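This report concerns only the one structure given below.
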Amino acid sequence: MADAGMLRFHVPEPEVRPGGTPDFSNVTIPKAGSVPRPEIDVDPRTIRDMAFSIIRVLNRAGEAVGPWAGLLSDKELLEGLRHMMTLRTFDARMQMAQRQGKTSFYMQHLGEEAVSCAFRKALKPGDMNFPTYRQAGLLIADGYPMVSMMNQIYSNEADPLKGRQLPVMYSSKEHGFFSISGNLATQYIQAVGWAMASAISNDSRIAAAWIGDGSTAESDFHAALVFASTYKAPVVLNVVNNQWAISTFQGIARGGSGTFAARGLGFGIPSLRVDGNDYLAVHAVAKWAVERARANLGPTLVEYVTYRVGAHSTSDDPSAYRPKAESDAWPLGDPVIRLKNHLIQKGVWSEDRHTQAEAEVLETVIAAQKEAEGHGTLHAGGKPSTRDMFEGVYAEMPPHLRRQRQQAGV
Ligand SMILES: Cc1ncc(C[n+]2csc(CCOP(=O)(O)OP(=O)(O)O)c2C)c(N)n1
Ligand SMILES: [Mg+2]
(Lines give C-alpha, C1' and ligand atoms only; values in the text may rest on other atoms or scores of the structure.)
(Ligands and ions follow the chains in the order given, each with its own letter.)
Protein backbone atom coordinates (compact mmCIF):
# COMPACT_ATOMS: atom_id res chain seq x y z
CA MET A 1 0.00 0.00 0.00
CA ALA A 2 3.11 2.22 0.28
CA ASP A 3 2.65 3.57 -3.24
CA ALA A 4 -1.16 3.68 -3.24
CA GLY A 5 -2.33 6.06 -5.90
CA MET A 6 0.94 5.88 -7.86
CA LEU A 7 0.31 4.09 -11.11
CA ARG A 8 2.97 2.09 -12.87
CA PHE A 9 3.09 0.30 -16.14
CA HIS A 10 5.07 -2.77 -16.97
CA VAL A 11 7.68 -3.19 -19.70
CA PRO A 12 8.64 -6.86 -20.20
CA GLU A 13 12.41 -7.40 -20.42
CA PRO A 14 14.35 -10.28 -21.97
CA GLU A 15 16.08 -12.57 -19.45
CA VAL A 16 19.56 -11.86 -20.77
CA ARG A 17 21.31 -9.05 -22.62
CA PRO A 18 24.65 -9.00 -24.51
CA GLY A 19 27.48 -10.12 -22.26
CA GLY A 20 25.14 -12.28 -20.16
CA THR A 21 24.82 -16.07 -20.13
CA PRO A 22 22.06 -17.32 -22.45
CA ASP A 23 19.19 -18.79 -20.46
CA PHE A 24 16.20 -20.67 -21.85
CA SER A 25 15.30 -22.36 -18.56
CA ASN A 26 11.90 -20.66 -18.76
CA VAL A 27 11.08 -22.55 -22.00
CA THR A 28 9.38 -25.78 -20.98
CA ILE A 29 10.03 -28.54 -23.52
CA PRO A 30 7.65 -31.51 -23.27
CA LYS A 31 8.96 -34.97 -24.19
CA ALA A 32 8.69 -35.93 -27.85
CA GLY A 33 5.54 -37.97 -28.45
CA SER A 34 3.84 -36.85 -25.23
CA VAL A 35 1.15 -34.57 -26.72
CA PRO A 36 -1.97 -36.42 -27.95
CA ARG A 37 -3.31 -36.14 -31.49
CA PRO A 38 -7.03 -35.31 -31.36
CA GLU A 39 -9.53 -35.96 -34.15
CA ILE A 40 -9.78 -33.00 -36.54
CA ASP A 41 -13.37 -32.29 -35.47
CA VAL A 42 -12.40 -32.03 -31.79
CA ASP A 43 -14.31 -29.56 -29.61
CA PRO A 44 -11.76 -26.72 -29.21
CA ARG A 45 -12.75 -26.31 -25.55
CA THR A 46 -11.35 -29.77 -24.78
CA ILE A 47 -7.87 -29.05 -26.18
CA ARG A 48 -7.14 -25.67 -24.64
CA ASP A 49 -4.02 -27.02 -22.93
CA MET A 50 -2.47 -27.70 -26.36
CA ALA A 51 -1.98 -23.94 -26.70
CA PHE A 52 0.53 -24.18 -23.85
CA SER A 53 2.39 -27.39 -24.73
CA ILE A 54 4.67 -28.24 -27.69
CA ILE A 55 3.96 -31.04 -30.15
CA ARG A 56 7.20 -32.88 -30.88
CA VAL A 57 7.98 -36.02 -32.88
CA LEU A 58 11.78 -36.36 -33.00
CA ASN A 59 13.35 -37.33 -29.67
CA ARG A 60 16.96 -36.84 -28.58
CA ALA A 61 17.96 -40.21 -30.05
CA GLY A 62 16.62 -39.11 -33.44
CA GLU A 63 13.64 -41.47 -33.32
CA ALA A 64 10.16 -40.44 -34.49
CA VAL A 65 7.75 -41.16 -31.62
CA GLY A 66 4.16 -40.63 -30.54
CA PRO A 67 0.80 -40.08 -32.21
CA TRP A 68 2.01 -37.38 -34.64
CA ALA A 69 4.72 -39.64 -36.15
CA GLY A 70 4.61 -41.86 -39.19
CA LEU A 71 3.04 -39.68 -41.88
CA LEU A 72 6.00 -39.32 -44.23
CA SER A 73 7.89 -41.95 -46.23
CA ASP A 74 11.69 -42.16 -46.23
CA LYS A 75 11.66 -40.71 -49.74
CA GLU A 76 9.62 -37.73 -48.60
CA LEU A 77 11.88 -37.16 -45.59
CA LEU A 78 15.01 -37.30 -47.72
CA GLU A 79 13.42 -34.81 -50.07
CA GLY A 80 12.55 -32.57 -47.10
CA LEU A 81 16.16 -32.70 -45.90
CA ARG A 82 17.32 -31.67 -49.37
CA HIS A 83 14.88 -28.72 -49.40
CA MET A 84 16.13 -27.45 -46.04
CA MET A 85 19.76 -27.85 -47.10
CA THR A 86 19.00 -25.99 -50.33
CA LEU A 87 17.34 -23.12 -48.49
CA ARG A 88 20.28 -22.88 -46.09
CA THR A 89 22.81 -22.82 -48.92
CA PHE A 90 20.70 -20.39 -50.93
CA ASP A 91 20.67 -18.10 -47.88
CA ALA A 92 24.44 -18.30 -47.40
CA ARG A 93 25.09 -17.44 -51.04
CA MET A 94 22.63 -14.55 -51.12
CA GLN A 95 23.90 -13.19 -47.81
CA MET A 96 27.36 -13.15 -49.35
CA ALA A 97 26.04 -11.58 -52.56
CA GLN A 98 24.64 -8.72 -50.48
CA ARG A 99 28.02 -8.18 -48.83
CA GLN A 100 29.53 -8.10 -52.33
CA GLY A 101 27.13 -5.34 -53.34
CA LYS A 102 25.17 -7.49 -55.80
CA THR A 103 21.90 -6.75 -54.02
CA SER A 104 20.89 -4.09 -51.53
CA PHE A 105 19.23 -6.40 -49.03
CA TYR A 106 18.71 -10.00 -47.96
CA MET A 107 16.90 -11.92 -45.19
CA GLN A 108 17.96 -15.37 -44.00
CA HIS A 109 16.01 -18.33 -42.55
CA LEU A 110 18.85 -19.89 -40.55
CA GLY A 111 17.36 -22.18 -37.89
CA GLU A 112 13.80 -21.83 -39.24
CA GLU A 113 14.08 -23.94 -42.41
CA ALA A 114 11.73 -26.70 -41.23
CA VAL A 115 8.77 -24.38 -40.79
CA SER A 116 8.18 -23.34 -44.40
CA CYS A 117 9.72 -26.41 -46.07
CA ALA A 118 7.59 -28.92 -44.14
CA PHE A 119 4.41 -26.83 -44.24
CA ARG A 120 4.46 -26.63 -48.04
CA LYS A 121 4.23 -30.43 -48.24
CA ALA A 122 0.90 -30.42 -46.38
CA LEU A 123 -0.75 -28.24 -49.06
CA LYS A 124 -2.25 -29.11 -52.42
CA PRO A 125 -1.66 -27.29 -55.72
CA GLY A 126 -3.95 -24.25 -55.84
CA ASP A 127 -3.85 -23.54 -52.11
CA MET A 128 -2.56 -20.04 -51.38
CA ASN A 129 0.03 -18.90 -48.87
CA PHE A 130 0.11 -15.33 -47.64
CA PRO A 131 3.70 -15.39 -46.45
CA THR A 132 6.15 -13.07 -44.77
CA TYR A 133 9.72 -12.57 -46.00
CA ARG A 134 10.85 -15.56 -43.92
CA GLN A 135 9.03 -18.35 -45.75
CA ALA A 136 11.09 -18.80 -48.93
CA GLY A 137 11.04 -22.53 -48.11
CA LEU A 138 7.46 -22.55 -49.43
CA LEU A 139 8.89 -21.80 -52.87
CA ILE A 140 11.96 -24.04 -52.63
CA ALA A 141 9.91 -27.03 -51.43
CA ASP A 142 7.43 -26.48 -54.27
CA GLY A 143 10.11 -26.49 -56.94
CA TYR A 144 9.98 -22.79 -57.84
CA PRO A 145 13.18 -22.04 -59.80
CA MET A 146 15.97 -20.64 -57.64
CA VAL A 147 17.12 -18.61 -60.64
CA SER A 148 13.82 -16.67 -60.57
CA MET A 149 14.27 -15.99 -56.86
CA MET A 150 17.79 -14.73 -57.48
CA ASN A 151 16.67 -12.60 -60.42
CA GLN A 152 14.20 -10.97 -58.05
CA ILE A 153 16.90 -10.43 -55.41
CA TYR A 154 19.20 -8.84 -58.00
CA SER A 155 16.38 -6.75 -59.56
CA ASN A 156 17.89 -7.63 -62.94
CA GLU A 157 16.42 -7.76 -66.44
CA ALA A 158 14.88 -11.20 -65.75
CA ASP A 159 13.35 -10.20 -62.39
CA PRO A 160 9.78 -11.57 -62.59
CA LEU A 161 8.66 -8.55 -60.53
CA LYS A 162 10.58 -6.09 -62.72
CA GLY A 163 12.41 -4.33 -59.91
CA ARG A 164 9.22 -3.16 -58.23
CA GLN A 165 9.66 -5.08 -54.99
CA LEU A 166 12.23 -5.09 -52.22
CA PRO A 167 14.64 -8.04 -52.63
CA VAL A 168 13.18 -11.31 -51.16
CA MET A 169 9.60 -10.16 -51.61
CA TYR A 170 8.79 -12.82 -54.18
CA SER A 171 5.41 -13.54 -55.74
CA SER A 172 4.15 -16.57 -57.64
CA LYS A 173 0.49 -17.36 -58.23
CA GLU A 174 1.37 -20.74 -59.79
CA HIS A 175 3.27 -21.76 -56.65
CA GLY A 176 0.63 -20.48 -54.22
CA PHE A 177 2.82 -17.66 -52.93
CA PHE A 178 0.93 -14.38 -52.63
CA SER A 179 2.94 -11.16 -53.17
CA ILE A 180 4.73 -10.18 -49.98
CA SER A 181 3.94 -6.83 -48.43
CA GLY A 182 6.55 -4.84 -46.54
CA ASN A 183 3.81 -3.57 -44.25
CA LEU A 184 3.73 -6.25 -41.58
CA ALA A 185 0.54 -8.22 -40.89
CA THR A 186 -1.51 -6.90 -43.81
CA GLN A 187 -1.36 -10.35 -45.40
CA TYR A 188 -3.04 -12.01 -42.41
CA ILE A 189 -6.43 -10.46 -43.00
CA GLN A 190 -6.01 -10.91 -46.76
CA ALA A 191 -5.48 -14.63 -46.24
CA VAL A 192 -8.73 -14.89 -44.30
CA GLY A 193 -10.56 -12.88 -46.98
CA TRP A 194 -9.12 -15.09 -49.73
CA ALA A 195 -10.21 -18.20 -47.81
CA MET A 196 -13.72 -16.80 -47.37
CA ALA A 197 -13.87 -16.00 -51.08
CA SER A 198 -12.81 -19.54 -51.90
CA ALA A 199 -15.66 -20.88 -49.75
CA ILE A 200 -18.18 -18.39 -51.16
CA SER A 201 -17.36 -19.60 -54.67
CA ASN A 202 -17.63 -23.26 -53.57
CA ASP A 203 -14.00 -23.89 -54.42
CA SER A 204 -11.82 -26.45 -52.61
CA ARG A 205 -8.65 -24.37 -52.24
CA ILE A 206 -7.64 -23.23 -48.78
CA ALA A 207 -5.43 -20.39 -47.58
CA ALA A 208 -2.50 -20.23 -45.18
CA ALA A 209 -1.77 -17.01 -43.29
CA TRP A 210 1.75 -16.33 -42.00
CA ILE A 211 3.01 -13.89 -39.40
CA GLY A 212 5.97 -13.44 -37.04
CA ASP A 213 5.71 -13.23 -33.25
CA GLY A 214 6.33 -9.48 -33.18
CA SER A 215 3.81 -8.69 -35.89
CA THR A 216 0.96 -10.32 -33.95
CA ALA A 217 0.88 -7.01 -32.06
CA GLU A 218 -0.58 -5.43 -35.21
CA SER A 219 -4.35 -4.99 -35.20
CA ASP A 220 -4.64 -6.81 -38.55
CA PHE A 221 -3.73 -10.04 -36.74
CA HIS A 222 -6.63 -9.65 -34.32
CA ALA A 223 -9.10 -8.53 -36.99
CA ALA A 224 -8.15 -11.60 -39.01
CA LEU A 225 -8.96 -13.85 -36.04
CA VAL A 226 -12.40 -12.24 -35.69
CA PHE A 227 -13.30 -12.93 -39.32
CA ALA A 228 -11.70 -16.37 -39.39
CA SER A 229 -13.53 -17.57 -36.28
CA THR A 230 -16.90 -15.97 -36.98
CA TYR A 231 -17.14 -17.25 -40.56
CA LYS A 232 -15.15 -20.47 -39.99
CA ALA A 233 -12.93 -19.56 -42.91
CA PRO A 234 -10.90 -22.39 -44.51
CA VAL A 235 -7.56 -20.99 -43.41
CA VAL A 236 -4.54 -22.08 -41.39
CA LEU A 237 -3.33 -19.25 -39.16
CA ASN A 238 0.42 -19.62 -38.71
CA VAL A 239 2.49 -17.70 -36.16
CA VAL A 240 6.24 -18.19 -36.41
CA ASN A 241 7.67 -17.46 -32.99
CA ASN A 242 11.40 -17.15 -33.63
CA GLN A 243 11.86 -15.34 -30.27
CA TRP A 244 12.79 -11.99 -31.82
CA ALA A 245 11.24 -9.15 -33.81
CA ILE A 246 14.45 -7.43 -34.93
CA SER A 247 15.77 -6.31 -31.49
CA THR A 248 12.48 -6.70 -29.62
CA PHE A 249 12.10 -9.98 -27.72
CA GLN A 250 8.90 -12.02 -28.12
CA GLY A 251 7.67 -11.14 -24.60
CA ILE A 252 6.56 -7.69 -25.78
CA ALA A 253 4.07 -8.88 -28.40
CA ARG A 254 3.06 -11.93 -26.34
CA GLY A 255 2.36 -9.90 -23.22
CA GLY A 256 0.53 -11.80 -20.52
CA SER A 257 -1.09 -14.48 -22.69
CA GLY A 258 1.64 -17.04 -21.93
CA THR A 259 2.00 -18.18 -25.55
CA PHE A 260 1.08 -16.88 -28.98
CA ALA A 261 -1.13 -19.92 -29.56
CA ALA A 262 -3.19 -18.81 -26.57
CA ARG A 263 -4.28 -15.78 -28.56
CA GLY A 264 -6.61 -18.11 -30.47
CA LEU A 265 -8.42 -19.40 -27.39
CA GLY A 266 -10.55 -16.31 -26.85
CA PHE A 267 -11.85 -16.78 -30.38
CA GLY A 268 -12.69 -20.45 -29.87
CA ILE A 269 -10.10 -21.40 -32.49
CA PRO A 270 -8.27 -24.72 -31.95
CA SER A 271 -4.75 -23.54 -31.17
CA LEU A 272 -1.65 -25.70 -31.16
CA ARG A 273 2.04 -25.16 -30.48
CA VAL A 274 4.59 -27.19 -32.37
CA ASP A 275 8.36 -27.67 -32.27
CA GLY A 276 9.31 -25.55 -35.28
CA ASN A 277 12.72 -27.21 -35.55
CA ASP A 278 11.20 -30.68 -36.00
CA TYR A 279 10.40 -31.29 -39.70
CA LEU A 280 8.10 -34.23 -38.90
CA ALA A 281 6.15 -32.38 -36.22
CA VAL A 282 5.68 -29.28 -38.38
CA HIS A 283 4.41 -31.38 -41.27
CA ALA A 284 2.06 -33.46 -39.09
CA VAL A 285 0.51 -30.42 -37.42
CA ALA A 286 0.23 -28.57 -40.74
CA LYS A 287 -1.56 -31.58 -42.20
CA TRP A 288 -4.00 -31.69 -39.30
CA ALA A 289 -4.79 -27.99 -39.69
CA VAL A 290 -5.06 -28.21 -43.48
CA GLU A 291 -7.46 -31.17 -43.19
CA ARG A 292 -9.62 -29.19 -40.79
CA ALA A 293 -9.78 -26.27 -43.21
CA ARG A 294 -10.58 -28.57 -46.13
CA ALA A 295 -13.35 -30.31 -44.16
CA ASN A 296 -15.13 -27.01 -43.39
CA LEU A 297 -14.17 -27.23 -39.73
CA GLY A 298 -12.74 -23.71 -39.83
CA PRO A 299 -9.44 -22.11 -38.87
CA THR A 300 -6.62 -23.53 -36.76
CA LEU A 301 -3.98 -21.38 -35.12
CA VAL A 302 -0.50 -22.90 -35.11
CA GLU A 303 2.44 -21.42 -33.22
CA TYR A 304 5.83 -22.68 -34.43
CA VAL A 305 8.35 -22.47 -31.60
CA THR A 306 11.71 -21.79 -33.19
CA TYR A 307 14.73 -19.49 -33.03
CA ARG A 308 16.10 -16.94 -35.49
CA VAL A 309 19.78 -17.92 -35.50
CA GLY A 310 20.91 -15.28 -37.98
CA ALA A 311 20.48 -11.54 -37.99
CA HIS A 312 17.02 -10.13 -38.74
CA SER A 313 18.29 -8.95 -42.13
CA THR A 314 21.52 -7.76 -43.73
CA SER A 315 20.84 -4.39 -42.05
CA ASP A 316 20.84 -5.84 -38.52
CA ASP A 317 23.53 -6.71 -35.94
CA PRO A 318 22.07 -8.97 -33.20
CA SER A 319 25.17 -8.71 -30.98
CA ALA A 320 23.82 -5.29 -29.99
CA TYR A 321 20.81 -6.79 -28.22
CA ARG A 322 21.32 -10.49 -27.39
CA PRO A 323 24.22 -12.70 -26.22
CA LYS A 324 26.34 -13.91 -29.12
CA ALA A 325 26.04 -17.59 -28.13
CA GLU A 326 22.29 -17.48 -27.48
CA SER A 327 21.47 -19.67 -30.47
CA ASP A 328 23.79 -22.42 -29.17
CA ALA A 329 21.73 -22.53 -25.98
CA TRP A 330 18.41 -22.83 -27.87
CA PRO A 331 16.94 -26.08 -26.54
CA LEU A 332 15.19 -27.28 -29.73
CA GLY A 333 18.40 -27.75 -31.72
CA ASP A 334 18.97 -27.36 -35.44
CA PRO A 335 16.26 -28.55 -37.88
CA VAL A 336 18.69 -29.82 -40.52
CA ILE A 337 20.83 -31.76 -38.05
CA ARG A 338 17.77 -33.25 -36.35
CA LEU A 339 16.27 -34.57 -39.58
CA LYS A 340 19.67 -35.78 -40.75
CA ASN A 341 20.18 -37.69 -37.47
CA HIS A 342 16.71 -39.21 -37.77
CA LEU A 343 17.46 -40.48 -41.27
CA ILE A 344 20.83 -41.86 -40.18
CA GLN A 345 19.17 -43.55 -37.22
CA LYS A 346 16.67 -45.14 -39.67
CA GLY A 347 19.55 -46.44 -41.77
CA VAL A 348 18.58 -44.54 -44.93
CA TRP A 349 21.27 -41.83 -44.68
CA SER A 350 24.87 -41.45 -43.52
CA GLU A 351 27.42 -38.77 -42.67
CA ASP A 352 29.17 -39.47 -45.98
CA ARG A 353 26.02 -39.15 -48.03
CA HIS A 354 25.21 -35.96 -46.17
CA THR A 355 28.60 -34.44 -46.99
CA GLN A 356 28.13 -35.46 -50.61
CA ALA A 357 24.63 -33.94 -50.65
CA GLU A 358 26.00 -30.68 -49.25
CA ALA A 359 28.44 -30.49 -52.16
CA GLU A 360 25.69 -31.28 -54.68
CA VAL A 361 23.38 -28.66 -53.22
CA LEU A 362 26.14 -26.05 -53.26
CA GLU A 363 26.89 -26.87 -56.89
CA THR A 364 23.20 -26.49 -57.85
CA VAL A 365 22.87 -23.18 -56.01
CA ILE A 366 26.09 -21.79 -57.55
CA ALA A 367 24.92 -22.82 -61.03
CA ALA A 368 21.63 -20.97 -60.47
CA GLN A 369 23.54 -17.96 -59.17
CA LYS A 370 25.79 -17.87 -62.25
CA GLU A 371 22.76 -18.00 -64.48
CA ALA A 372 21.01 -15.20 -62.54
CA GLU A 373 24.12 -13.03 -62.56
CA GLY A 374 24.21 -13.44 -66.33
CA HIS A 375 20.98 -11.39 -66.30
CA GLY A 376 22.58 -8.71 -64.14
CA THR A 377 23.00 -7.71 -60.51
CA LEU A 378 22.11 -4.52 -58.64
CA HIS A 379 24.89 -2.41 -60.14
CA ALA A 380 25.93 -4.42 -63.20
CA GLY A 381 24.38 -5.87 -66.34
CA GLY A 382 20.76 -5.85 -67.45
CA LYS A 383 18.01 -4.01 -65.60
CA PRO A 384 14.24 -3.90 -65.95
CA SER A 385 13.21 -1.26 -68.47
CA THR A 386 11.94 2.13 -67.30
CA ARG A 387 8.74 1.32 -69.18
CA ASP A 388 8.02 -1.57 -66.77
CA MET A 389 7.53 0.98 -64.02
CA PHE A 390 4.38 2.23 -65.74
CA GLU A 391 2.83 -1.10 -66.65
CA GLY A 392 0.86 -3.80 -64.89
CA VAL A 393 -0.74 -1.59 -62.24
CA TYR A 394 -3.65 0.29 -63.82
CA ALA A 395 -6.06 -1.13 -66.38
CA GLU A 396 -6.35 2.45 -67.62
CA MET A 397 -3.35 4.62 -66.88
CA PRO A 398 -4.24 7.92 -65.14
CA PRO A 399 -3.30 11.09 -67.07
CA HIS A 400 -0.49 12.15 -64.71
CA LEU A 401 1.29 8.82 -65.21
CA ARG A 402 0.75 8.99 -68.97
CA ARG A 403 2.42 12.39 -68.92
CA GLN A 404 5.34 11.09 -66.84
CA ARG A 405 5.77 8.19 -69.20
CA GLN A 406 5.91 10.54 -72.17
CA GLN A 407 8.48 12.69 -70.36
CA ALA A 408 10.59 9.58 -69.72
CA GLY A 409 10.34 8.79 -73.41
CA VAL A 410 9.31 5.16 -72.88
C1 LIG B 1 3.69 -2.09 -40.04
C2 LIG B 1 5.18 -2.27 -39.93
N3 LIG B 1 5.81 -1.92 -38.79
C4 LIG B 1 7.15 -2.08 -38.67
C5 LIG B 1 7.89 -2.57 -39.72
C6 LIG B 1 9.40 -2.76 -39.58
N7 LIG B 1 9.73 -4.15 -39.35
C8 LIG B 1 10.07 -4.98 -40.36
S9 LIG B 1 10.33 -6.55 -39.85
C10 LIG B 1 10.01 -6.16 -38.24
C11 LIG B 1 10.07 -7.20 -37.16
C12 LIG B 1 9.06 -8.30 -37.34
O13 LIG B 1 9.28 -9.32 -36.39
P14 LIG B 1 8.44 -10.66 -36.41
O15 LIG B 1 7.02 -10.36 -36.71
O16 LIG B 1 8.72 -11.38 -35.15
O17 LIG B 1 9.01 -11.46 -37.66
P18 LIG B 1 10.50 -12.02 -37.89
O19 LIG B 1 11.27 -10.96 -38.60
O20 LIG B 1 11.07 -12.36 -36.58
O21 LIG B 1 10.33 -13.23 -38.76
C22 LIG B 1 9.71 -4.80 -38.12
C23 LIG B 1 9.41 -4.12 -36.85
C24 LIG B 1 7.19 -2.92 -40.90
N25 LIG B 1 7.81 -3.45 -41.95
N26 LIG B 1 5.84 -2.77 -40.98
MG1 LIG C 1 10.08 -12.93 -34.88
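The values are calculated or read from the model by the stated rules, or taken from the named source; none is laboratory data. This structure is a prediction, so every number in the text was calculated from the model and none was measured. Cβ sites come from the backbone with ideal geometry, for glycine too, and all protein chains shown count toward neighbours. Note: accessible area is taken over every heavy atom of the protein model, side chains too, but ligands, DNA and RNA are not part of it. Shrake-Rupley method; radii C 1.70, N 1.55, O 1.52, S 1.80 Å.
Helical runs assigned H by DSSP (4 residues or longer) give the chain a calculated mean residue ellipticity at 222 nm of -11000 deg cm²/dmol, each run adding -39500 (n - 2.57) before division by the residue total. Computed 3J(HN,Hα) for region 303-313, one whole-Hz value per residue from the Karplus formula 6.51 cos²θ - 1.76 cosθ + 1.60 where θ = phi - 60°, is 9, 8, 8, 8, 9, 7, 6, x, 6, 4, 7, glycine and proline marked x. A crude spin-label estimate for the pair T46 and Q356, with each label 7 Å from Cα along the Cβ direction, gives 5.0 nm.
For the pair S171 and Q404, a Förster radius of 25 Å applied to the C-beta separation gives a FRET efficiency near 0.55, rounded to the nearest 0.05. One chain, two ends: D388 and D74. Fully extended at 0.36 nm per residue, the span grows by 108.5 nm beyond their Cα-Cα distance. Scoring 235-247, 262-274 by mean Cβ neighbours within 10 Å over their residues and listing the highest first yields 235-247, 262-274. For A141, what is the net charge nearby, where nearby means another residue's Cβ is under 9 Å from its Cβ and Lys, Arg count +1, Asp, Glu -1? Its environment carries a net charge of 0. Sorted largest first, the spans of the alpha carbon positions of region 67-128 along the three principal axes are 47, 25, 18 Å.
For D316 and K370 in the same chain, what is the full-extension length gain: residue separation times 0.36 nm, less their Cα-Cα distance, in nm? All intermediate terms of the calculation are to be shown ahead of the outcome.
Values: separation 54, 0.36 × 54 = 19.44 nm, distance 2.71 nm.
Difference between extended and current length: 16.7 nm.
When you restrict to C-alpha pairs under 8 Å that are six or more residues apart and normalise by the size of region 218-345, the relative contact order lands at 33 percent.
Return the ratio Rg/(2.2 N^0.38 Å) for region 168-325, where Rg is computed over Cα atoms only. Walk me through the numbers on the way to the answer.
On the way: Rg = 15.7 Å, N = 158, 2.2 N^0.38 = 15.1 Å.
Compactness ratio reported: 1.04.
Placing pseudo-labels 7 Å out from each Cα toward the beta carbon at A217 and M6 gives an inter-label distance of 2.6 nm. For region 277-290, backbone phi angles converted through the Karplus equation (6.51, -1.76, 1.60; θ = phi - 60°) give residue-by-residue couplings of 9, 10, 3, 5, 5, 4, 5, 5, 6, 4, 4, 4, 5, 5 Hz, Gly and Pro being listed as x.
Mean silhouette area of the chain, derived from the convex hull of its C-alpha atoms and averaged over all directions, reads 24.7 nm².
Highest mean first, the peptides 367-378, 293-304, 139-150 sorted by other C-beta atoms within 10 Å per residue fall in the order 293-304, 139-150, 367-378.
Given springs between every Cα pair under 10 Å in a Gaussian network model of the chain, which of A64, A329, A191 has the largest fluctuation? Top of the fluctuation ranking is A329.
Calculated on C-alpha atoms, the gyration radius of region 120-185 divided by its Kirkwood radius gives an Rg/Rh of 0.94. Across region 32-41, computed HN-Hα scalar couplings (Karplus, 6.51 cos²θ - 1.76 cosθ + 1.60, θ = phi - 60°) run 4, x, 8, 8, x, 10, x, 5, 5, 9 Hz from first to last residue, x flagging Gly and Pro.
Remark: the chain carries a charge dipole of roughly 540 debye about the Cα centre, counting +1 on each Lys and Arg Cβ and -1 on each Asp and Glu Cβ. Taking all Cα pairs closer than 8 Å and separated by 6 or more residues, the relative contact order of the chain comes to 24 percent. For region 355-410, the equivalent ellipsoid built from the Cα gyration tensor has semi-axes of 40, 13, 6 Å, listed from largest to smallest. What does the charge count near V305 come to, summing +1 for each Lys or Arg and -1 for each Asp or Glu among other residues with Cβ under 9 Å from its Cβ? Charge balance near V305 sits at -1.
Skip the ligands, DNA and RNA, and give the accessible area per residue of the chain with a 1.4 Å probe, whole Å².
46
Here the chain exposes an accessible surface that is 52 percent carbon and sulfur, computed with a 1.4 Å probe and the other protein chains kept in place.
Peptides 394-402, 182-190 ordered by packing proxy, namely the average of other Cβ atoms within 10 Å per residue, highest first: 182-190, 394-402. Each label was represented as a point 7 Å from its Cα along the Cα-to-Cβ direction; for R99 and N202 these points are 5.7 nm apart.
Computed over the Cα atoms of region 17-78, pair by distinct pair, the Kirkwood hydrodynamic radius stands at 14.3 angstrom.
What is the mean projected area of the alpha carbon convex hull for region 298-410, to one decimal in square nanometres?
Working: hull surface 61.4 nm².
For the Cα atoms of region 298-410, the hull's average projected area reads 15.3 nm².
Return the FRET efficiency for the residue pair A295, K346: r is the Cβ-Cβ distance, R0 is 35 Å, and the value is rounded to the nearest 0.05.
Numbers: r = 32 Å, r/R0 = 0.90.
Calculated transfer efficiency: 0.65.
With every protein chain in place and a 1.4 angstrom probe, the accessible-area ranking of K102, K124, largest first, reads K124, K102.
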